[in-house]
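Here's the structure, in C-alpha cells; my notes come after.
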Amino acid sequence: MSTLKVTDETFERDVLKAGQPVLVDFWAEWCGPCKQIAPVLDQIAEELSGRVTIAKLNIEDSPSTPGRYGVRGIPTMMLFKDGQMSSMKVGAMPKAKILEWLTETGVSA
Amino acid sequence: MPATRSVRLAIIGSGPAGYTAAIYAARALLKPVLISGKDPGGQLTITTDVENYPGFAEAVQGPWLMEQMRAQAAHVGTEFIDDIVVKADLKAQPARLTLDSGEVILAECVIIATGAQAKWLGLPSEQTFQGFGVSACATCDGFFYRNKAVAVVGGGNSAVEEALYLATLAASVTVIHRRDSFRAEPILQERLFAHPKIKVLWNHAVEEILGDATIAPGAFGPAGVHGVKVRDTLSGAAQDLAVDGVFVAIGHAPASEVFRGQLRMSKTGYIKVKAGTVQTSLPGVFACGDVTDETYRQAVTAAGMGCMAALDAARFLTHKDHAAAQAPEKAGASAA
C-alpha cells in the first residue's frame, strides 16, 4: 500500500479510529529533511503493508493536529495505536533506524 | 544475503562537493557511484536564499540548487545509492565501504565529500526538547513560531541567517552569542543590526533550556520550551529569558568519524590534505568540501574541490590501469 494522506478533518477517522497502527509523518513543502525521508516512507508503506499504515500530514494545510500534539519541529513521526500516540521520533532518520523503531514498538517483527 | 559489488569510483556525500565530483567523474566515464549519506543534498537543503553562488543573478533557494546539482549529476550518468556508510576500510585494496543496508561497496578509488554537520550545545535539556522548542533548522521549523518569541544561539553566518529568516515570522528574535562580535559576513550583520525585531545579547552563554517535557493530563503532547537560562560570560550573572523556541546555530563539525584512525586528521576531525590539493594521506583516497576545509566552507569552494577530486581520481585510475597493463610484461620478462 502507498502512503495515506491525512488532514485535520480525516485524522480522527483515519488515524485515531484506524484498525491497525498508524505512523503519522508531519511534514511541509519547505522542509528539506522531510523530502529526504519521503521516499523511505513510501518503501516502508509497501514493505509493512497490512501491519502499519504510513500516513502523511501536511502541517501547513492541517495546522490544528500538529498543534494539538505539541509538534514544533519537522519531520516528526508519531506512532498511533488504538487512538493513542504511543511513540515518537523527531528529525530525519535512515530507513534502517525507522525500521528498528517500528520493531521496538512491536509494529513489525 | 547482503550484496557486494565492485566499482571504480565511490563518492561519499551529496553536497556541492560530492555532486560536482560526480559530474566530472561521470563525464570522465568513471561510472561513479555516489552514496548520498544521512542528509541527501547536505547543508544547503536546510537554508533558504543562496545569494553567493555564482551564475544566479537573483537569489536561489538552497534545496532547489541541490536538486539541480543532483539532476545534473544524474543526467551525465551518476548512479546514486541513498544509504549511509557505517564502516569504511580505506587501507584495503580495493577500499571496502559497508552501508547501513549491509551492502558492501568495493571501490578502486574513493572521494570523501561527507561535509559537516550542525553542532549542538551538548546540554541534556537541549536533547529533551529537540522537536519541542529546540531546533537546528529555522527554515524547517520557523513556521511553528509565528508571532512568538525565539532565541538563536551563535555568531556565525548560519546564526545570523537563521535570525533574519525567523524575524520574518516571529514576534521577536534574540541572538545569544558568547563573544562581543559576530563572525558572520558584514552584509548579513548589517541587515541584522538594522532589523527592528532582532536584538543581540552579547557575551552570554546558554546554560539550560527551560520547559516542560511531560504530557499534562488532558493534553496530547508536551508543552515544550518556555525559556532559556543564560549566563553573562564576563560578570557571571545568570538570567532567564522567556522564549518559545531556541534555534541552535553554533557552527559545524566535520563528518569524518567513520574514517577516524585511517586518514590524517586535525584535532577537530578535519581530514588533512596536501596543501593546494585534495590528496589525503592514503593513495586513491581524496577529500573535498567541508570535511577537509576548516577555513572557507562555502558551496562554491566545496564544488571547486569536488572538481579537483574527480580530476585527481581520473588520473589515479589511469595510472593504475597503466601499471596493471605493464605488469604482465614485467612478469614475463622476469620469468624469461
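Each value in this text was obtained by applying a stated rule to the coordinates, not by laboratory testing. Everything numeric here is computed off the predicted structure, so don't read it as measured data. So basically every Cβ, Gly included, is an ideal-geometry build from the backbone, and we count neighbours across all protein chains shown.
With neighbours defined as other Cβ atoms within 10 Å of a residue's Cβ, the residues A:Thr7, B:Thr47 order from fewest to most as A:Thr7, B:Thr47. When +1 charges are put on Lys and Arg Cβ atoms and -1 charges on Asp and Glu Cβ atoms, the dipole computed for the range B:117-200 relative to its Cα centre reaches about 160 debye.
Under the convention that each Lys and Arg Cβ holds +1 and each Asp and Glu Cβ holds -1, the size of the dipole of the range B:180-336 around its Cα centre is about 560 debye.
Here the label points at B:Trp120 and A:Ala96, each 7 Å from Cα along the C-beta direction, are separated by 2.0 nm in the simple model. Remark on the range B:106-227: ratio of C-alpha radius of gyration to 2.2 N^0.38 Å is 1.24. Kirkwood radius and radius of gyration were both taken over the C-alpha atoms of chain B, and their ratio Rg/Rh is 1.06. Going from the fewest other Cβ atoms within 10 Å to the most, the residues B:Met66, B:Met265, A:Met85 appear in the order A:Met85, B:Met265, B:Met66.
Which order do B:Glu58, A:Glu29, B:Glu185 fall in if you start with the one that has the fewest other Cβ atoms within 10 Å? Write out the running numbers ahead of the final one.
Working: B:Glu58 6, A:Glu29 11, B:Glu185 15.
Fewest-to-most Cβ neighbours within 10 Å comes out as B:Glu58, A:Glu29, B:Glu185.
Between the beta carbons of B:Ala242 and B:Trp202, assuming R0 = 22 Å, the FRET efficiency works out to 0.70 to the nearest 0.05. Kindly identify the range A:2-47 as rounded, prolate or oblate by the Cα gyration tensor criterion: order the square roots of the eigenvalues as a ≥ b ≥ c, call it rounded if a/c is under 1.5, otherwise compare a/b with b/c, prolate if a/b is larger, else oblate. Cα axes put the range A:2-47 in the oblate bin. The string of couplings for the range B:141-155 from the Karplus curve (6.51, -1.76, 1.60, θ = phi - 60°) is 10, x, 3, 6, 10, 4, 6, 10, 9, 10, 10, 10, 9, x, x Hz, one whole number per residue in order, with x for Gly and Pro.
Could you tally the net charge around B:Lys272, taking each other residue with its Cβ under 15 Å from the Cβ of B:Lys272, Lys/Arg +1 and Asp/Glu -1? It would help to have the intermediate numbers written out before the result.
On the way: positive: B:Arg260, B:Arg264, B:Lys267, B:Lys274; negative: B:Asp290, B:Asp293, B:Glu294.
So the environment of B:Lys272 carries a net charge of +1.
Given +1 on the Cβ of Lys and Arg, -1 on the Cβ of Asp and Glu, and no further charges, what dipole in debye does chain B carry about its Cα centre, rounded to the nearest 20?
Numbers: 29 positive and 32 negative charges, 182 e Å.
That gives chain B a dipole magnitude of about 880 debye.
Average projected area of the Cα convex hull of the range B:185-226, in nm²?
Numbers: hull surface 20.6 nm².
If you wrap the Cα atoms of the range B:185-226 in a convex hull and average its projections, you get 5.1 nm².
Its alpha carbons give the range B:85-130 an Rg and a Dmax of 16.0, 45 Å. Its Kirkwood hydrodynamic radius, worked out from the mean inverse distance over all distinct Cα pairs, puts the range B:14-112 at 14.4 Å.
In square nanometres, what is the average projected area of the Cα convex hull of the protein assembly as shown? Walk me through the intermediate numbers first.
Numbers: hull surface 100.1 nm².
Average of the hull's projected areas for the protein assembly as shown equals 25.0 nm².
Cross-link pairs exceeding 28 Å in C-alpha to C-alpha distance, out of B:Lys119/B:Lys199; A:Lys35/A:Lys97; B:Lys31/B:Lys267; B:Lys274/B:Lys320; B:Lys31/B:Lys119; A:Lys56/B:Lys38, comprise B:Lys31/B:Lys267; B:Lys31/B:Lys119. Both radii were evaluated on the Cα set of the range A:1-92; the Rg over Rh quotient, with Rh as the Kirkwood radius, amounts to 0.92.
Given the C-alpha atoms of the range B:200-336, compute the convex hull and give its volume per residue in Å³. Intermediate results must be reported in sequence, preceding the final value.
Details: hull volume 31.3 nm³, N = 137.
Cα convex hull per residue, to the nearest whole number: 228 Å³.
May I ask for the Rg/Rh ratio of the range B:49-171, computed from Cα atoms with Rh as the Kirkwood radius, given to two decimals? Show your work: numbers first, answer last.
On the way: Rg = 19.3 Å, Rh = 18.2 Å.
Reported Rg/Rh (Cα atoms, Kirkwood Rh): 1.06.
Of interest is the spacing of the C-alpha centroids, which for the range B:1-78 and the range B:114-186 amounts to 26 Å. When both bridge partners sit in the range B:1-121, DSSP labels roughly 40% of those beta bridges antiparallel. Of all DSSP-defined beta bridges confined to the protein assembly as shown, some 50% are antiparallel rather than parallel. Taking 37 °C and 0.692 mPa s as conditions, the range B:118-165 diffuses translationally at an estimated 286 µm²/s according to Stokes-Einstein applied to its Kirkwood radius (Cα pairs).
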